[in-house]
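The next block holds one structure in the form of structure tokens; read it before the comments.
The values are calculated or read from the model by the stated rules, or taken from the named source; none is laboratory data. Bear in mind that the values here come from a model prediction, so they are computed numbers and not experimental data. Positions of Cβ are backbone-derived with ideal geometry, glycine not excepted, and every protein chain shown enters the neighbour counts. Areas reflect the complete protein model, heavy atoms only, side chains present, ligands, DNA and RNA absent. Shrake-Rupley method; radii C 1.70, N 1.55, O 1.52, S 1.80 Å.
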Amino acid sequence: MTAATDMTSIPGARPVARKTPKAGFDLFFRNASFGAALLVLVLLAGIMISMIIGGWPAFREFGLGFITSSVWDTQNEQYGAWPAIVGTLSTALIALVIGVPLSLGIAVYLTQLAPAWFKKPVATAIELLAAVPSIIYGMWGLFVFVPLFAANVQIPVSNIVEGMPILGTILYSRSPSGLGIFTAGFILAFMIVPFIASITRDMLEQIPSVLRESAYGIGATTWEVVRHVLVPQAGVSIIGAIMLGLGRALGETMAVTFVVGNANRLSASILDPGSTIASRIANEFNEAMGLQLNALIALGCILFFVTFVVLVIARLLVARVKRY
Amino acid sequence: MTMTTTPRELPHTPWGRVRQSRRTADRLMKIIATAFTFCAIFVLFWILGMLLVKGIGGLSLATFTAVTPGPGTEGGGLANAIVGSFVLTFLGIAIATPIGVLAGTWLAEYGKGSQLANLIRFINDILLSAPSILIGLFVYVILVEPFRGYSGWAGGVALGIIAIPVIVRTTEDMLNLVPGPLREAGAALGAPPSVVITSVTWRAAKAGMVTGILLALARIAGETAPLLFTALNNNFWFSPSLAGGVSNLPVTIYQFASAPYENWQQLAWAGSLIITISILLLSIIARRIVAGGK
């Protein structure tokens, strides 16, 4: 009743009562959101430029030798990045060797094997593995995993391989403290598992179920469906997911700093202490001055370009995934 | 899936033996995949169990009321570090939220489909996975070195830069889920785009956008590396001006964990427990909101 009377009265009586937004706000809002979006580009460019400028004195001083030299001598101001580069690449490689099979197994379990009621809690647990801060992985590594690893793996392995031709070099440990390149890679593996596993799971879920059903229809087993239907379908994106994990492993800092041993020299054994680019920066930055500071930022510059290339390739390969 | 293998025996076919080996391979892979999954879950519970066992002994009233002790000083707590962490984290979120929401809005509403939007989305994804230590170095170069000193502001900016891509990504994703007719209805009433976005689209996507902010909060609350070069740490209450180092939990844990003082180590464990529980709770709450919104 009242509604009816209101309706008749609207045209004449209350045309001005409605808020009329000004065109100025519209323009302002559009420009503000555009500016915010551009800021994302500015940030990346800013990181790139600041790394180059900050590291420039070191690059100028040592030239290409900065990358190839293994000397890191604070007293005589000689800096070379080679041991840190090797450490970064080898810890990341070990992390992939352990982490990739784990992640793929988890993705297969979550999409093909787990009972429906169990999927959600398992998926949540795997994702919580990504929420645990890096520094907690470092503490777990240093106080729990390292002593176990030293006593049960490192010392026995060193005793066995001592004197052997190749294994004696790669696996013999001169100081079996549990700290080292391998330990860092092992802990990194569990840190990258949730990222690779969840992207791979999404890729497998996006594959049309018709494909799966037709394979089952001609009598394929679950494993054969995974191996011959799902993996070839999702292959490229799975490689992308793995590279995304690689990007994480290359730049991970706190966990690695705790367990890598922070040795400045290069060792042929993966059970010996070493350092990565990120761990060296975290370790030395606050005491560094002058050229050492520039050398550390130059290390950051190298890390930036390596991870940038890896992440660009990874993102191009997984471009169709909706999550992160 | 139940129709995969018929249990009927066909004794005369030459396939019998092949089928057995295929079945073995299938079973083996199922066992391995299941074992790997439980291995990862085991590690999660191992870490949580370790934090509970070692951290709970360090929790007391003093943990939340006393400031962090200096080297060799008895007792002490984490009060200043906890408050400092809150301040830095919320400063980071306060910086990142408007920028992230607006940028995500531009990507979903204005720039949609344009080359520039695709580029920005791509770069945002790169920033999302960029090593946080590099963000710390970047803020050191632009804010700490020129102003000659570590500060809470630099720490907040570093955390904000890490949070921005998370918020951009979730905002865009959530806005893309809002059905187009809703926008058209708004436009049909005569509302300009800005009003349609703020009072129709944003309102419809509110739960998802809040989730993005919570996830960003969870992401930056435990970040340590970028704070090492920006906010640093100290054993005192921060000054309200946020000039100078600001005490915070992650860097305190880092410094206390491997120190030779027993009370420092105990506090490092207590701090780890506090920070991990808060982050896991935040992540679970964020997940709940998403699940409830659908």
**Q.** Amide H contacts of B:Gly244 (H built 1.01 Å from N, under 5 Å, at least 5 apart or other chain)
**A.** B:Gly152
Q | DSSP-assigned coil residues among GluC sites (Glu not before Pro) in the stretch A:59-128, each with at most 13 further Cβ atoms within 10 Å | A | A:Glu77
Q) Accessible surface of A:Trp82 in the full protein assembly, 1.4 angstrom probe, to the nearest 10 Å²? A) 100
Q. In what order, largest first, do A:Tyr216, A:Tyr172 sit by accessible area if the probe radius is 1.4 Å?
A. A:Tyr172, A:Tyr216
Q: Could you let me know the centre-to-centre spacing of the stretch A:135-184 and the stretch B:118-153, using Cα atoms, in angstrom?
A: 35
**Q.** Relative compactness, the stretch A:192-256, computed as alpha-carbon Rg over 2.2 N^0.38 Å
**A.** 1.38
Q) Once you charge only the Cβ atoms, +1 for Lys and Arg and -1 for Asp and Glu, what is the size of the charge dipole of chain A about its Cα centre, to the nearest 20 debye? A) 1200
Q) In debye to the nearest 20, how big a dipole does the protein assembly as shown give about its Cα centre with +1 on each Lys and Arg Cβ and -1 on each Asp and Glu Cβ? A) 2020
Q | Loop-located chymotrypsin sites (Phe, Trp or Tyr not before Pro) in the stretch B:158-241 whose Cβ has at most 15 other Cβ within 10 Å (DSSP) | A | B:Phe236, B:Trp237
Q: Rounded to the nearest 100 Å², what's the accessible area chains A and B bury against each other, both chains counted, probe 1.4 Å?
A: 8000
Q) Between the stretch A:216-269 and the stretch B:157-203, what's the alpha-carbon centroid distance in Å? A) 35
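Roughly to the nearest percent, how much of the accessible area of the stretch B:89-240 is carbon and sulfur, given a 1.4 Å probe?
69
Across peptide B:99-105, what mean number of C-beta atoms from other chains lies inside 10 Å of a residue's C-beta?
Per residue, the average neighbour count from other chains is 6.
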**Q.** Sorted peptide list for A:297-309, B:36-48, A:156-168, criterion being average Cβ within 10 angstrom, highest first
**A.** A:297-309, B:36-48, A:156-168
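Determine, for each peptide in A:42-51, A:201-210, the mean count of other beta carbons within 10 angstrom over its residues, then list the peptides with the highest first.
Packing proxy ranking, top to bottom: A:42-51, A:201-210.
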Q. Tell me, what HN-Hα J-couplings in whole Hz come from the Karplus equation 6.51 cos²θ - 1.76 cosθ + 1.60 at θ = phi - 60° for each residue of the stretch A:103-109, using x for Gly and Pro?
A. 5, 5, x, 5, 4, 5, 4
Q | Contour minus Cα-Cα distance for A:Ile160 and A:Ile239 (0.36 nm per residue) | A | 24.8 nm
Q: Have a look at B:Ile220, B:Gly84, B:Asn233 and report the one farthest towards the positive end of the charge dipole of chain B, computed about the Cα centre with Cβ charges (Lys/Arg +1, Asp/Glu -1).
A: B:Ile220
Q) Sorting A:Phe25, A:Phe66 by accessible area (1.4 Å probe), largest first, what list results? A) A:Phe25, A:Phe66
Q. Once the Cα atoms of the protein assembly as shown are picked out, what are the Rg and Dmax in Å?
A. 27.1, 101
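Just checking the output field for A:251-261: average partner chain Cβ neighbours within 10 Å of each residue's Cβ?
Rounded to a whole number, the mean comes out at 4.
Largest first and in whole Å, give the semi-axes of the stretch B:190-249's equivalent ellipsoid, each being the square root of 5 times a Cα gyration tensor eigenvalue.
38, 15, 9
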**Q.** Under the Debye formula (equal points on every Cα, no solvent term), log10 I(q)/I(0) of chain A at q = 0.06, 0.09, 0.12 Å⁻¹
**A.** -0.33, -0.63, -0.95
Q. Across peptide B:169-180, how many C-beta atoms of other chains are within 10 Å of each residue C-beta, on average?
A. 1
**Q.** Charge sum, other residues only, whose C-beta stays under 9 Å from B:Ser194's C-beta, Lys/Arg counted +1 and Asp/Glu -1
**A.** 0
Q.
For chain A, take the longest principal axis of its alpha carbons; what is the angle in degrees between that and the long axis of helix A:231-251, to the nearest 10 within 0 to 90?
A. 70
Q. Under a point-charge model restricted to the Cβ atoms of Lys and Arg (+1) and Asp and Glu (-1), what is the dipole moment magnitude of chain B relative to its Cα centre, in debye to the nearest 20?
A. 1280
Q. Which distance in nm do the two modelled labels at A:Val71 and B:Ile31 give, with both placed 7 Å along the Cα-to-Cβ direction?
A. 5.7
Q | ³J(HN,Hα), Karplus 6.51/-1.76/1.60, whole Hz, each residue of the stretch A:282-299, x for Gly, Pro | A | 4, 6, 9, 4, 6, 9, 7, 9, x, 4, 4, 4, 5, 5, 5, 5, 5, 4
Q) Per-residue HN-Hα couplings for the stretch A:200-213, Karplus 6.51 cos²θ - 1.76 cosθ + 1.60 at θ = phi - 60°, whole Hz, x for Gly and Pro? A) 4, 4, 4, 4, 5, 6, 6, 5, x, 6, 4, 4, 4, 4
Q) Of A:Lys119/B:Lys30; A:Lys120/B:Lys54; A:Lys120/B:Lys30, which ones are farther than 23 Å apart at the Cα? A) A:Lys120/B:Lys54
**Q.** Nonlocal amide H pairs with A:Trp72, under 5 Å, H built at 1.01 Å
**A.** A:Gly80
